[in-house]
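Encoded as structure tokens, the structure appears first; notes follow it.
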Amino acid sequence: MTPPLAVDTTPRGWLRDLAGGVRHWLGLAAAAALLAGLCTLVQMGLLAWLVAVLINDSRSVASLTPVFVALLGVLVLRGLAQWGQERAAFEAGLRVRERVRESLLDHLAALGPVRLADRHSAALGQQLVEQVEALDGYFARFLPQLRLVMLLPAIILAVVAYLDWLAALLLLLSAPLIPLFMALVGMGAERLNREQFVAVSRLAGHFLDRVRGVSTLQLFNRTRASIDEVYAAADDYRRRSLRTLRLAFLSSAVLEFFASVAIALVAIYIGFGLLGYIRFGPADGLTLFSGLFVLLLAPEFFQPLRTLSQHYHDRAAALGAADGLIERLKQPAPSIPAFATGDSAPPRITLRGVSLAHAGRGRVLGPLDLDVAPGECLVLVGPSGSGKSSLLQALAGFVEPAAGTLAVEPRGPSAWMDQRPWLIQGSLADNLRVVAPDADDTALEAAIAGAHLGEVVAALPDELATPLGERGFGLSGGQAQRLALARVLLSRAPLVLLDEPTAGLDAITEAAIVEALQALRRQGVTLVIATHHPALVALADRVVDLARPPTAEERPNDVSA
């Protein structure tokens, strides 16, 4: 498991902490970029010298072959340096995205389905994909360029000042205009990117809800209205995207304008100085070499600043994404002890004064004292709302007790099954391997047989490779339940939690599930079942009625339904 990220209170601080983990890659990218910039400086110097020599000294091209070879070598070295910069920057962005995505997945797993019940799956998917990907430009492009812009323009300015201090003064006076406009643009771009991420999350959830409910919409003749709603949401996102692009293009045009004006001023000064119309300061000392060299270096002086301004929108996008990611990572998760190493034995469960509460509902269960022996089959009964599902969620580690202590020792993996099994779009085998990715076909077939689903699978055209739609589309309710039970069998979890596993099923399917649970009992698995069905109650070693929960003074054998 990836170590949890230290979540700073601000997006800038959080991004700074992430940058610390890839500092060496960012330094390597900046060093390679600086080498490429120095190669460009040498290249421009060689070009200016070649032109000056060919024009002033009338030397033959053949006599300058060594210089041309040196120029070619500089070009090759510059290309290699640029490749190294791109490679190191890509590696920095990749490692940051991997770390953030793994930490986010670990945090979502720690939160569990109960704490994420009010979060749309489309919004979570958008965070895992788009918002994490939005960090790439900040680390792969903006940060290396930020380091480069601190060094290369200063080196070029020093060379220009050595050749002509007045030209260097013109460059120095115009340079601050670019960072100034970058800061002005960044004030609005960060806000627009944050709003855009919120809008696309809502759009994804809106569209997914309509797709999932398309059958209901058709039954009530609401398909046209739902299409119009999706169109309106998409059009709102389009407008927000165009607003962000408009700001980006406008800022780039302004920055290019000021850079072009500064370069033009330098060109005018050099031209008139070489013609003898300017005799102020160092203009009298201008030569064809120095003038051409300064003119060639003027665009290179602004190039790092212009590139940084282009990547400044990557910074705004990263800050907007970081705002949502920080909010998710700071959501408190239950403190669950680590799993015991090695083969986990059936656990002993101990509850002392445990109370459970939900936001907006207050206390839903407790205080409760309960002991479950290893390998015991405990059945929870009681009217709806008595806290059966909440207790199972606490045993699974999805929620923490509001009061009291709950111990599951040893804490190993647990299997969960309820009346609405979670099935993914994929084959039957894919749905089984969710709990055991390395399971072979023999293990899958054994689990299918244990869940009494063998005849159903054999009748399918592709058997285990038969594709299923989202939420098990293609299977009946009973078949989906038995597939979920096969997944429980395949997991070999020492603790199995079942929430109304036979609700709404026919007698034949119910009997098949009961028989499979009897096989689990014989294996010594600890079973905790919440149910109203007599067939499941008959399995129990002990029945606990949560309408009258046991206390510490009562012996287990004294508690009955």
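A few points about this structure:
- Proportion of all alpha-carbon pairs of segment 11-329 beyond 33 Å (%): 44 percent
- Over segment 348-558, the alpha carbon radius of gyration divided by the compact-protein estimate 2.2 N^0.38 Å works out to 1.05.
- Available extension along the chain between E86 and T216 is 41.7 nm, counting 0.36 nm per residue and deducting the alpha carbon span.
- Volume per residue of the C-alpha convex hull in segment 253-297, rounded to whole Å³: 67 Å³
- Compared with the alpha-carbon gap, the fully stretched path from E102 to W422 is longer by 113.0 nm at 0.36 nm per residue.
- Among beta bridges that DSSP assigns inside segment 348-558, antiparallel share in %, nearest 5: 45 percent
Where a number appears in this text, it was derived from the coordinates with a stated rule and is not lab data. Because the structure is a prediction, the values reported are computed rather than measured.
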